[in-house]
Amino acid sequence: MQTAIQVPEGLGHRSFVRRHPSFVLLGAIASLLFRSTSSAIPAAIHGEETCRRLPWASTIAYETGVACPPEDFAETMGYEPVLMQTPAGWRYVRPASADGGCSGPLADEGPFWDFSGACRAHDYGYDLVRFGVGDRASADELLYRDMKHSCASNAPLGVTACKTLADSAHAVLWVGDVSPGFEPRPL
């Protein structure tokens with residue numbers, strides 16, 4: 001048989017939250033920062049400088065330059081992916097001229113981050129999904145790895161802030177991955 005524990009009035013969790021919302025917010029921020037500083041930067045997937053025509057390839061193989069862009073991709077999608085060296089390694093990217101880059105409230109570059117290569121490769125990954133040969137979750141995972149890897153070149157405080165942004169972007173994309181109806185949809 002379970003016994004109920006009586007909590008004196010004013011000492012319960014909900015009462016504390018109502019009276020001290022700034023402490024709760026501060027605690028949430030501190031836990032996110034601790035998670036960001038303690039989490040290891042995943043190993044980079046360096047990719048290839050020279051691609052190969054493969055009859056079938058994974059999203060990661062396409063994005064990292066192991067596999068050349070699929071046949072008819074440029075004609076269908078309206079641009080030719082560009083192979084470029086990023087902080088995480090070789091990546092095929094959607095060029096800036098084709099509107100490649102970070103979207104939403106996150107800019108490509110900031111005082112302690114440069115996610116331009118990671119975001120442009122991610123855009124190409126989503127275009128692979130639209131083209132019918134890519135996997136959204138794989139594109140999102142590579143974006144997260146590349147963002148975290150790009151954080152390593154910052155000063156310690158910058159690394160923490162950069163990794164926090166990467167963690168936040170990853171969380172938002174994860175919600176999209178598990179929610180039906182989110183973009184991108186195959187053409």
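The values are calculated or read from the model by the stated rules, or taken from the named source; none is laboratory data. Just so it is clear, the structure is predicted and the values come from calculations on it, not from any experiment. Methodologically, a virtual Cβ is constructed for each residue, glycine included, from the backbone with ideal geometry; neighbour enumeration extends over all protein chains shown.
So which of ALA121, ALA139 ends up being within 17 Å of ALA171 (Cα to Cα) and in a helix (DSSP H, G or I)?
ALA139
What are the residues in segment 89-113 that are in contact with a helix residue (DSSP H, G or I) (Cβ under 6 Å, 6 or more places away or on another chain) and crowded, with 19+ Cβ neighbours inside 10 Å, if any?
ARG91, TYR92, VAL93, ARG94, GLY100, GLY101, CYS102, TRP113
Which one of the conditions (1) closer than 21 Å to SER58 by Cα; (2) touching a Gly at 6+ places or on another chain (Cβ under 6 Å) does PHE112 fail to meet, given that it meets all the rest?
(1)
Under the condition of being among the small types (Gly, Ala, Ser) and surrounded by 20 or more Cβ atoms within 10 Å (Cβ to Cβ), which residue from segment 117-144 is nearest to PRO55 (Cα to Cα)?
If we take residues in segment 117-144 being among the small types (Gly, Ala, Ser) and surrounded by 20 or more Cβ atoms within 10 Å (Cβ to Cβ), then GLY134 is nearest to PRO55 (Cα to Cα).
Just give me the residues in segment 111-157 being small (Gly, Ala, Ser) and modelled with pLDDT under 90, in sequence order.
Those that are small (Gly, Ala, Ser) and modelled with pLDDT under 90: ALA152, SER153, ALA155.
Output the residues belonging to segment 150-165 that are surrounded by fewer than 21 Cβ atoms within 10 Å (Cβ to Cβ) and over 10 Å from the mean Cα position of the chain (by Cα).
Residues satisfying the conditions are ALA152, SER153, ASN154, ALA155, PRO156, LEU157, GLY158, VAL159, THR160, ALA161, THR164.
List every residue pair whose Cβ atoms sit under 6 Å apart, with the two residues 6 or more apart in sequence or on different chains, where the first one lies in segment 121-144 and is polar (S, T, N, Q) and the second, anywhere, is modelled with pLDDT of 95 or more.
Partner pairs satisfying both residue conditions: SER138/THR59; SER138/ILE60.
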